[in-house]
Structure formats: C-alpha cells, structure tokens
Ligand SMILES: [Fe+2]
C-alpha cells in the first residue's frame, strides 16, 4: 500500500461548536485547535448563529460537517443544498467539508436519520458517482463518515469497512472515522472493531470523531449525550497506532456540559495521543492544552480581539 498521504495537514484537537458555548468561546478564547460546525445550522446568511460563527471562524480554524447530503439515496442530489454549502464554505473558509456515508431521504421525504446502505458493488458505484458529482460542485474532496447502525441488509455482499474503502477509492474522497460509531456497530453486529481499523487505507483518513453512547447490554445506541467510555478510548488508541496523528474532535449533541468539562475531555484525547505517539512532530504543533483555561480567560479579557456578543441584534 503506498504511504503517501493525500489528506490535509493535522489540525490538532477540536470540539463541535455548540450554541451553548458561543459566548464562552468569544469571552475566554480557549486554546482549542479548531471547531467543527454543523453546516445545516448556518446555511442562511444573517442572524445570531451566523454572527457567532463568523466571529469564531475569524479566530479559529473551522471545518464543516453536514447531515443532509443523503449521498446514498436514489433521489437526485439536492443542488440547492449543495449550492448553499458552497456559499457557506466561501464565507467561512473551512479546512474541509464532511457528511455521512448513508441515506437520509427517499422520494423527497427526510427520515432525519443517518441510515445504513446495503454494502454491494452496485451501491459502491452509485455512491462513488454521486460523491464525484458533489466534489465537482464544491471544488474539493469531501470526507465521508461511517455511521453507527442497528440493522443490516440481506443483500449486502461485503463488510462495511470494505464498502467504505471501495467508495473512498472509487470517488477519490477522504474518510472521517467515527471511533465511537465503529465501537457501537461492532457491538450491535458482533464484529471486531480492530478488523475495521485494519482494513481502512491510512492515506485517506483525515479526521476522527469521538463521542459517548448509551449501553443497554444487548445493544448500544450512539446518543452523544455521555462522556466517552473507556472502551472507546481504548479503540481511539488503536486507531492512533494504525493511522498516526489524525485531527480529532469530540461530538456532544445532548446533555451538553459546561465548556470546561468538554475541554477536559479533549485533554484526555491529547494525553492518549501523546502517550501513543511520543515525540510525534505533528502533535507538537497542537497548541491545545498548552495554557490552562484560567490563563486563556485572562488573555481574552486583555485582548483587543474580544468583541462583545452583546452587540448582536435579532
Ligand atoms: Fe460522528
């Protein structure tokens, strides 16, 4: 396997940008390396969310993450959505744009779920052709993320990791590996998560997601409302051993704690990365965690860049 990476540079350690934390971030300017923004929340220009996003994007690298591309659907691609994504990317200049390898809508009806696909040659060709179309519109490679799943198809002829790899190769796109989703699906479908990691081409892995889940014993649900579990941290370590330094972020979508709690959870990710990849030159470029939160707070209060969000109207 060629070892020449085609991915962008290592960004370091990031968090999902959440409305609960807008004011905290602008007031305290924590030394987070980057933020991931949910594209759908900012497609309409103007208003309070865009004000905060643009203020934060001026100070931090951002990446865009979407949930509506429905790349596996048999519906035509939503060109209005893609044009809105392109416009947002022109406005905030994200380092990269990602969505999920799944389908969400059929015959124009949105399920609001990230549903798995049948893993067949036909689906590989179908999805890859649509990814190439999307990449033509956006003018850049996109990242596709593995979803967690709770069902599988009798029609599938290959494993999920082979499906993801084949689509990425055929479409020449990149991969966002959600470590928690691999763990959740491994538990639900009884496969070894290390088999998944070992079959993915390291050259294409641009980003990791980490998140919490809910464990019901017989099955696991990808709820994003808990701290990351020890099993997922262990799998993260294995992913670092396999893929090296990969830009890592924590997704928290419900039961969202105060910002410092997520900051500390992200510190755990950096600690594991440093222990797993000692003296890795890319890790040395990450500024995250080099100041304490109280130090960043003092710097922010003295900074001329601190623009009061109270100026917002509407
Ligand atoms: Fe994810």
* Asked: Any idea how far apart residue 294 and residue 225 come out in nm if each label point goes 7 Å out from Cα toward Cβ?
  -> 3.4
* Structure fact -> Between the Cα axis of helix 79-92 and the main Cα principal axis of the chain, the angle (0 to 90°, nearest 10) is 30
* Structure fact -> With T = 20 °C, eta = 1.002 mPa s and Kirkwood Rh from C-alpha pairs, the Stokes-Einstein D of region 17-151 in µm²/s is about 134
* **Relative contact order %, the chain, counting alpha carbon pairs below 8 Å whose residues are six or more apart** => 23
* **Principal-axis tilt of helix 47-59 within the chain, Cα atoms, nearest 10 degrees** => 80
* To do: Give the Kirkwood hydrodynamic radius (Å, one decimal) of region 73-176, defined as one over the mean of 1/r across all pairs of different Cα atoms.
  => 14.3
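Calculate, in whole percent, how much of the Cα-Cα pair population of region 142-257 lies beyond 18 Å. It would help to have the intermediate numbers written out before the result.
Values: 3264 of 6670 pairs.
Tail of the P(r) past 18 Å holds 49 percent of the pairs.
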* Which peptide among 82-91, 272-281 comes first, and what is the full order, when sorted by highest mean count of other Cβ atoms within 10 Å? -> 82-91, 272-281
* Can you give the Kirkwood hydrodynamic radius for the chain, in Å, rounded to one decimal and based on Cα pairs? -> 20.1
* Highest-fluctuation residue, 171, 45, 239 considered, GNM on the chain with Cα pairs under 10 Å -> 45
* Asked: Can you give the helix-only mean residue ellipticity at 222 nm for the chain, where every DSSP H stretch with n ≥ 4 adds -39500 (n - 2.57) and the sum goes over all residues, rounded to the nearest 500 deg cm²/dmol?
  -> -12500 deg cm²/dmol
* Using alpha carbons only, how many degrees (0 to 90, rounded to 10) separate the axis of helix 259-276 from the longest principal axis of the chain? -> 60
* For the residues 196, 219, what sequence is obtained by ranking on other C-beta atoms within 10 Å, fewest first? -> 219, 196
* Asked: Taking 0.36 nm per residue of separation and subtracting the Cα-Cα distance, what length does fully extending residue 254 through residue 287 add?
  -> 9.2 nm
* Counting other C-beta atoms within 10 Å, which of 177, 267 has the fewest, and how do the rest follow? -> 267, 177
* Asked: Ranking 99, 225 by Cβ neighbours within 10 Å, fewest first, what do you get?
  -> 225, 99
* For the chain, with a Gaussian network of springs between Cα atoms less than 10 Å apart, report the residue from 70, 152, 105 with the top mean-square fluctuation. => 152
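No value in this document is a laboratory result; all are computed from the given coordinates. Remember, it's a predicted structure, so these values are computed and weren't measured experimentally. Because the Cβ atoms are built from the backbone with ideal geometry, glycine has one as well, and the counts that use them run over all protein chains shown.
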